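The structure under discussion appears below in the form of structure tokens.
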Amino acid sequence: MWLGALVKLVAAAVCPVRRFICIPCINCGCVSKGRCVASQNQGRQPAEFSHANTIARDKYLNMAQTTALAVPRLTFQKVGVSVVQLVHIAKCAGTHLTRQLNTVVANSAARLVSWESCMVFFEPSTLMLTMLRSPRSHVLSQFDHLRGLAQSPSWFFSRMLSPSFPLSTNRKADFSTWLQHFHRSQRIADADCSRVWDRHWLNFSRQPCWYEPPFDCVAPLDFNGYNPHNMQARHLLCTHRPAFAGHHVFADTGLEPDAAAAVSAMRRLDWVGLVELFSESLCVFRARWTGVVPADCQCSQQGQGPLAKSAKGNPHHGSGDRHGPGDELLSDPMHVAMIDAMTTVDVILYRAAATRLLESIRRLEKASGVTIACPSRLSAFREATAYIFNDSTALK
């Protein structure tokens, strides 16, 4: 009941978006002129729920107890894939997700590849995945990651960050300065910079520096860090080959990429998770990968399975459970206003991805008879993402 009601509310929020956007909805075709209209695909099952044979049902099944009910009809459409590719969008818990996914696919014939590269360069015949994040939380995480770099001069990538990045003992003041830089300066890399970027592949045999090509031409624009303007949507649409191109804004996407194209790209992926529903997202992948619902995916047993431990090790990466709406920096109306102005397309993208994930969970719960999304988790999700669905009371 909880999840069904939430799916309907999110779907309702997805449908009445901008008039020039055409976004697929649940039980309808797409949005045209602010309303859902039928399409030639109406009535078809989404590709992510196609009836296909179970893949990689091998030694992984012995890693954890599983429920008695298999759900092979909800497995992935692509059968027998040898490569699983993660379109790793920076600061969307990709490092932690990679560890978890490696655990899932380790005992199969497939291998996992994770790159912070533009989606266009991933092979579509493989199983393609990504993780998205609430835009406000995502922007704050970008800043904190860069701040951590500036405070860790011994780390390999620390010299990539321009010394002009705002850094003092006052985190809040530095965050304000960083946001204002992008809010006031709406410049993007010019054609010359784009050519330099494409010519110089990263050479990790030595420590990369912000004042050397190709970083020297983007450093004045974004400190050679992250440009927070719709970074998630840009990553799905950018066309520059070298790694980390999605961190910067080039002419191929601009500051505000096409929202309909971004949503379409997201829907071409085989699996899309959300940081705010990380465990539930991973459970959907595990069930569709193996054809069974692992026991530790049940609401009553979450946090007790082999994938329950948080990421440890690299202090610059984690599971993405920080930087939520309770962070003091996201309580400042000025900060929120600047972030929202820079992430209008990311909000549309996230809204569509949330609809897709919640429907995936609902279908999986219905097919297996197992409750995956705990009411308390859904309540926290509604609170953290209420701003995304336009009406702050819509998901309460």
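The values are calculated or read from the model by the stated rules, or taken from the named source; none is laboratory data. Please read these numbers as outputs of a predicted model, since none were measured by experiment. A quick note on method: Cβ atoms are made from the backbone with ideal geometry, for glycine too, and the neighbour counts reach across all protein chains shown. The protein model used for the area step is the full one, side chains on, heavy atoms only, and it has no ligands, DNA or RNA in it. Shrake-Rupley method; radii C 1.70, N 1.55, O 1.52, S 1.80 Å.
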task = Evaluate the following for L179: is it among the hydrophobic types (A, V, I, L, M, F, W, C) and closer than 25 Å to V284 by Cα?
result = no
remark   = Among (1) open to solvent by less than 10 Å² (accessible area, probe 1.4 Å); (2) in a helix (DSSP H, G or I); (3) closer than 20 Å to S264 by Cβ, S141 falls short only on (3)
ask   = If you scan segment 99-139, which residues turn out to be of a type in the set (A, V, I, L, M) and in contact with a helix residue (DSSP H, G or I) (Cβ under 6 Å, 6 or more places away or on another chain)?
value = V104, L112, M119, M131, L132, V139
task = Go through segment 249-268 and give me each residue that's within 17 Å of the chain's Cα centre (by Cα) and under 23 Å from V196 (Cα atoms).
result = P257
inquiry  = Checking F175 against (1) in contact with a His (Cβ under 7 Å, 6 or more places away or on another chain); (2) of a type outside the set (D, E); (3) part of a helix (DSSP H, G or I); (4) open to solvent by 60 Å² or more (accessible area, probe 1.4 Å): exactly one of these is not met. Which one?
reply    = (4)
key: Sole exception among (1) farther than 23 Å from A341 by Cβ; (2) open to solvent by less than 50 Å² (accessible area, probe 1.4 Å); (3) within 24 Å of the chain's Cα centre (by Cα) for W197, by number   = (3)
inquiry  = Suppose the filter is aromatic (F, W, Y), closer than 18 Å to R99 by Cβ, open to solvent by 20 Å² or more (accessible area, probe 1.4 Å) and touching a residue at least 12 places away in the same chain (Cβ under 8 Å); does W115 pass it?
reply    = yes
task = Take segment 159-171 and flag every residue that is surrounded by fewer than 17 Cβ atoms within 10 Å (Cβ to Cβ) and touching a helix residue (DSSP H, G or I) at 6+ places or on another chain (Cβ under 6 Å).
result = S168
ask   = Which numbered condition trips up T239, out of (1) open to solvent by 10 Å² or more (accessible area, probe 1.4 Å); (2) touching a Phe, Trp or Tyr at 6+ places or on another chain (Cβ under 7 Å); (3) within 21 Å of S114 (Cβ to Cβ)?
value = (2)
